[in-house]
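K.L.:
The structure is given below, and queries will be raised subsequently.
The values are calculated or read from the model by the stated rules, or taken from the named source; none is laboratory data. These figures come from a predicted structure and were not determined experimentally. Cβ: placed from backbone, ideal geometry, glycine included. Neighbour counts: every protein chain shown. The area values use the complete protein model at the heavy-atom level, side chains included, leaving out ligands, DNA and RNA. Shrake-Rupley method; radii C 1.70, N 1.55, O 1.52, S 1.80 Å.
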Amino acid sequence: MTVKVQKNDTVVVIAGRDKGARGKVIAAFPTTNKVIVEGVNRVKKHTRVQSTQRGAKTGGIITQEAPIHVSNVMVVDSEGKPTRIGYRTETVERADGRTKTNRVRISRKTGKDI
């Protein structure tokens with residue numbers, strides 16, 4: 001199965017604790033079918049307090065985003081509504097006479113490019 005959500009996509013959470021939240025995808029992990037969304041699924045991580053070379057202390061309790069399953073998010077199209085992703089193939093004529101095919105992501109709801 002291919003993950004149709006990519007980095008820098010704007011998504012809306014459709015299930016789970018943060019249902020209804022919108023955010024930008026920070027990272028996508030296709031092998032585990034998970035994405036990290038900005039401001040969604042925030043967890044507290046406890047890190048050891050360590051001192052740097054200059055003597056400053058780092059560590060303590062840090063709040064950061066945790067991965068969320070890709071099935072719990074939907075990509076937002078140009079109109080701001082959640083939609084499924086489809087693909088359209090376009091053939092482009094090159095200057096040297098050869099043709100090249102491009103896959104363009106489209107909104108299944110409106111048919112417009114994403």
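K.L.:
Between the range 11-55 and the range 68-114, what is the separation of their alpha carbon centroids in Å?
P.N.:
After rounding, the separation between the Cα centres reads 26 Å.
K.L.:
Given the pairs Lys19/Lys57; Lys4/Lys45; Lys34/Lys100; Lys34/Lys57; Lys34/Lys81; Lys45/Lys81, which are separated by over 25 angstrom at their Cα positions?
P.N.:
Pairs exceeding 25 Å: Lys19/Lys57; Lys4/Lys45; Lys34/Lys100; Lys34/Lys57; Lys45/Lys81.
K.L.:
If you don't mind, another one. At 10 °C and 1.306 mPa s, grab the translational diffusion coefficient of the range 75-114 from Stokes-Einstein with a Kirkwood Rh over Cα pairs, rounded to a whole number in µm² per second.
P.N.:
D, rounded to a whole number, is 142 µm²/s.
K.L.:
Moving on. If N is the number of residues in the chain, what value comes out of its Cα radius of gyration divided by 2.2 N^0.38 Å?
P.N.:
Taking the Cα Rg and dividing by 2.2 N^0.38 Å, one obtains 1.47.
K.L.:
Next question. For the chain, modelled as a GNM with alpha-carbon contacts under 10 angstrom, which of Glu38, Glu65, Glu90 fluctuates the most?
P.N.:
Glu90
K.L.:
Excluding Gly23 itself, calculate the net charge of residues whose Cβ lies under 13 Å from the Cβ of Gly23, where each Lys or Arg counts +1 and each Asp or Glu counts -1.
P.N.:
Charge balance in the 13 Å sphere: +1.
K.L.:
Whenever you get a sec, compute what percent of the accessible area on the chain sits on carbon and sulfur atoms (1.4 Å probe).
P.N.:
Here it works out to 49 percent.
K.L.:
Also, quick follow-up: State to the nearest 20 debye the size of the charge dipole of the chain about its Cα centre, where the only charges are +1 on K and R beta carbons and -1 on D and E beta carbons.
P.N.:
340
K.L.:
While we're here: Sticking with the crude label model, points 7 Å out along Cα→Cβ, report the distance from Thr32 to Ser78 in nm, one decimal please.
P.N.:
3.5
K.L.:
Along the charge dipole of the chain, which of Gly97, Gly23, Gln64 sits closest to the positive end, that is, farthest toward it, with unit charges on the beta carbon of Lys, Arg, Asp and Glu (+1, +1, -1, -1)?
P.N.:
Working it through, the farthest residue towards the positive pole turns out to be Gln64.
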